[in-house]
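Below is one structure, written out as structure tokens; comments come after it.
Rule-based calculations on the coordinates, nothing more; no lab input. For clarity, every value in this text was computed on a predicted model and none was experimentally measured. No Cβ is skipped: glycine too gets one built from the backbone with ideal geometry, and neighbour counts run over all protein chains shown.
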Amino acid sequence: MIDRNHRLPLTCQAKAVGISRGSVYYKPRPVCDADLQLMRRIDELHLDHPFAGGRMMRDLLRQEAIFSGRRHVSTLMRRMGVEALYRKPNTSRRHPRHLVYPYLLRGLAVTRSNQVWAMDITYIPMARGFVYLAAVMDWFSRKVLAWRVSITMDTAFCVWAVEEALERYGVPDIFNTDQGSQFTSEVFTGLLKEAGIRISMDGRGSWRDNVFIERLCQRPGVSKRSVKYEEVYLRAYESVSEARIGLGRYFEFYNSGRPHSSLGRMTPDQFYTKALPTPAAA
């Protein structure tokens, strides 16, 4: 878009495409090693104490002789997409112009595969830097249907994961997410509506279900805790491609190689297939 070798000055080029001149000259700075280590520890503490906000997180860190101000801790938490989970009117940061859909799962009995899918985004630390992981899961069987890794927490990689899940496994009745701007965007919701899927979003009064979706620790499934403690924290990914390989290996094992007692000693793959509706019932 911007050609630095063009005879037209950069100021004029920026004005022509409608962006600020400062953004043309700005060069992003990598996150320093100290902040990367701090973000890693914040992520670990958030898994154990999901109710901790910026102040409590600062105090938890101080107990470990890690001294950092509340504002800096809060800034890093926002950058990671980490937010304290507790009762409040808005459970996630949504775009003010995006339409928010009602929560459809209250009192709903989920009894089969492909009845309800859910999606979440989580922070994945690496040896140097970090990425974001978006995963689509079948609510009933907890099978990971599709996933994507991205260096930015945008809408595109969420859409790609959903497109892959739809192509491989068909169409669910309901798709549930939080009210994050990625999920309320017209591109994301338009994809679901075009496929005839009912959209459900966590909101006021459903904070407990939001915890359940984001952490998925109450029933068998791929939770942030299991992915990180069983894979991510045991590795030190050197690159994004290495992270993709490692996560792919883990999800393959989780879906097809790991039996769960609460699934009748079946794997998520086996339980998903068994719980699919019959053609007559469908």
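Side notes on the structure shown:
- Amide hydrogen neighbours beyond the local backbone of residue 145, cut-off 5 Å, H modeled: 136, 137, 138
- For 261, 239, order by how many other beta-carbon atoms lie within 10 Å, fewest first: 261, 239
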